[in-house]
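These notes concern the structure reproduced below.
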There are 2 protein chains.
Amino acid sequence: MEIREATEQDFDSIWPIFREIASTGETYAYDRSTPRDEAFELWMEYPRKTFVFEENGEILGTYYIVTNHSGPGDHVCNCGYMVSSNARGKGLATSMCEHSQEIAKLMGYKAMQFNFVASSNESAVRLWEKLGFESVGRLPKAFNHPGQGFVDALVMYKWLET
Amino acid sequence: MEIREATEQDFDSIWPIFREIASTGETYAYDRSTPRDEAFELWMEYPRKTFVFEENGEILGTYYIVTNHSGPGDHVCNCGYMVSSNARGKGLATSMCEHSQEIAKLMGYKAMQFNFVASSNESAVRLWEKLGFESVGRLPKAFNHPGQGFVDALVMYKWLET
């Protein structure tokens, strides 16, 4: 397997993963019916870099990295990770998150921030904590979960070791 | 005085305020040397609405309102306020913040969030607290202050009464 930078052509494989995850409305702050062209913009154009996790020629996961705030905040990056439903539970998110932290440091970032983690997404919260992220904020009822209604969203943050 | 929606022409008056505030690097997550066309995009095009505070035909302050996150987060808005240096201490920020909360409710938002308040900006923090905002997050060393170095940034949040 390898984690490598995504090409424009890779979006053919990224799009089904994006659509599947966004359409649940349970984890990402994207419209559940985000059209493909907008998804391309959000995942491939807006970020500074996008990567794919590839195994035997198949793209099973993807992540992006972007500057979270400009100017006085531009030493902190933000990342988002997506894993195909048929590749869950195999440590891909862990691999991609560790990879992203190395890339972030190479790009000159000093910290990484997740702005909007649904508190209901307990497995993700646990995973980020295991990987050294701390919940530094809790936004009351900021995430409108399709099944659970308004739940809190967490802000998670990690200062990157150098 | 009145607070009204900004027109494109108003940007001639908004731009000196924006430039003055961004150039200090002390309060906003904008590049200190943000060019005019980018400032126009950030303040006038990206937000859902932009307002100006006008007194005797002069624009002394301005604010924007925008959806903070899409999809499951789209009931929470974000606002930014700027007051001309020659009109400080007269309650303009308070007036604009109160106005923005009414507008936010009319636009259907349930909460308002400030994503990145420099903790060193004590007068702003005090003001937002007085207006009902709570510090729900603290981002360690996320704000690179030109004089003080890395200081914490606060996430402030208010559920809007209906």
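Every number in this text was worked out from the coordinates using simple rules, so none of it is lab data. None of these values were measured; they are calculated from a predicted model. Note that each Cβ is placed from the backbone with ideal geometry, even for glycine, and that neighbours are counted across all protein chains shown.
Give the total of Lys-Lys pairs in the protein assembly as shown with Cα-Cα distances below 22 Å; include a pair only if its members are 8 or more places apart or on different chains.
The number of close lysine pairs in the protein assembly as shown is 26.
Which cross-chain or sequence-distant (5 or more) residues have an amide H under 5 Å from the amide H of B:G61, H modelled 1.01 Å from N in plane?
For B:G61, whose amide H was placed from the backbone, the distant partners under 5 Å are B:F53, B:S84.
Assume the label is 7 Å from Cα along Cα to beta carbon: what separations in nm does A:G108 have to the matching positions in the other copies?
4.1
Give me the number: length gained by fully extending A:V66 to A:L127, i.e. 0.36 nm times residue separation minus the C-alpha to C-alpha distance, one decimal in nm.
19.9 nm
Any idea what the A:E41 label distances to the other copies are, label 7 Å down the Cα→Cβ vector, nm, shortest first?
Relative to the other copies, A:E41 has label-point distances of 1.2 nm.
Please compute the average number of Cβ atoms from other chains found within 10 Å of each residue's Cβ in peptide A:20-27.
Mean shielding count: 1.
With a point put 7 Å past each Cα toward its Cβ, work out how far A:S33 is from B:T94 in nm, to one decimal.
That separation, rounded to one decimal, is 4.5 nm.
What does the charge count around A:S13 come to, taking other residues whose C-beta lies under 10 Å from its C-beta (Lys +1, Arg +1, Asp -1, Glu -1)?
Computed value for this residue: -4.
Using just the helices of chain B, give the 222 nm mean residue ellipticity in deg cm²/dmol: DSSP H runs with n ≥ 4 each add -39,500 (n - 2.57), and the total is spread over all residues, rounded to 500.
Helix-only estimate at 222 nm: -8000 deg cm²/dmol.
For the rotation that brings chain A onto chain B, whose beta-carbon in chain A is nearest the axis, and what is that distance in whole angstrom?
Closest Cβ on chain A to the axis mapping it onto B, in Å: A:G137, 1.
What whole-number distance in Å separates the alpha-carbon centres of the range B:1-36 and the range A:84-111?
Using only Cα atoms, the two centres lie 37 Å from each other.
Lys/Arg Cβ at +1, Asp/Glu Cβ at -1, dipole of the protein assembly as shown taken about the Cα centre: which of B:P140, A:T27, B:Y28 is farthest positive-ward?
B:P140
If you take every residue apart from A:D74 with its C-beta less than 12 Å away from the C-beta of A:D74, what net charge results, scoring Lys and Arg +1 and Asp and Glu -1?
+2
Along Cα-to-Cβ, 7 Å out, sits the label point; list in nm, shortest first, how far the one on B:W15 is from those in the other copies.
Here the equivalent label points are 4.0 nm apart from this one.
Relative contact order for the range A:37-139 using alpha-carbon pairs under 8 Å, separation at least 6, rounded to a whole percent?
For the range A:37-139, the relative contact order is 19 percent.
What is the range A:107-157's relative contact order, in percent, from Cα pairs under 8 angstrom and six or more apart in sequence?
Here the relative contact order equals 45 percent.
Around A:M96, with a cut-off of 12 angstrom between Cβ atoms, what is the net charge of the other residues, counting Lys and Arg +1 and Asp and Glu -1?
-2
What is the mean number of Cβ atoms from other protein chains located within 10 Å of the Cβ atom of each residue in peptide B:132-140, rounded to a whole number?
Counting other chains' Cβ atoms within 10 Å and averaging over B:132-140 gives 5.
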